[in-house]
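Please treat every number below as a calculation from the coordinates, not as lab data. Treat the numbers as computed from the prediction; the structure is a model and nothing was measured. Here Cβ is always computed from backbone atoms with ideal geometry, including for glycine, and neighbour counts include all displayed protein chains.
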Amino acid sequence: MIELSAPIGAIVRVWFPESEAVMQPGPKFRPALVLDVTEVDGCRKVLVAYGTSQNTERTGRGEFTIRAEKTYSLESDTKFCLMRRLWLPLTKEYFAAGKGQPKPEEVVQKCFTSFRTAAVEASLI
């Protein structure tokens with residue numbers, strides 16, 4: 001059985017849903033930032049923020065970019081949008097590909113200033 005992990009402040013890979021209205025795994029296994037973890041009725045849930053490698057040279061409200069060279073888990077610079085976040089069940093349907101889950105990478109401390117600014121803009125803190 002796959003032991004899934006999603007530490008707060010870590011980059012994980014998820015099948016991020018294309019639509020919040022239709023909660024099912026999306027078509028792309030993309031990076032996401034773990035913002036919170038809880039347990040509801042015996043099921044672990046993870047609050048993740050959307051990550052994209054598109055248009056990383058500029059950020060909007062509630063967004064910040066992590067440079068790929070500061071991580072081992074990102075292949076290219078990635079922008080995280082803290083305004084676009086979802087609670088997902090911590091299951092292999094959302095957090096695993098192939099035989100398992102890529103190792104989560106704890107990164108928030110490496111980019112705390114830009115993360116904190118985006119978190120304030122997204123009303124998370």
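Listed by first and then second residue, the pairs linking a residue in region 102-125 that is on the phi < 0 side of the Ramachandran plot to a residue that is among the polar types (S, T, N, Q), with Cβ atoms under 7 Å apart and 6 or more places separating them unless they lie on different chains, are PRO102/SER73; PRO104/SER5; GLU105/THR71; GLU105/SER73; VAL107/THR71.
Only residues that are of a type in the set (A, V, I, L, M), in a strand (DSSP E or B) and surrounded by 13 or more Cβ atoms within 10 Å (Cβ to Cβ) were counted in region 1-53, giving 13. Scanning region 57-76 for residues that are in a loop (DSSP other than H, G, I, E, B) and either in contact with a Phe, Trp or Tyr (Cβ under 6 Å, 6 or more places away or on another chain) or crowded, with 17+ Cβ neighbours inside 10 Å (or both) yields THR59, GLY62, THR71, SER73, LEU74.
Here MET83 passes the criteria (1) out of contact with any Pro (no Cβ under 6 Å at 6 or more places or on another chain); (2) under 18 Å from PHE29 (Cα atoms); (3) surrounded by fewer than 20 Cβ atoms within 10 Å (Cβ to Cβ) except the one numbered (2).
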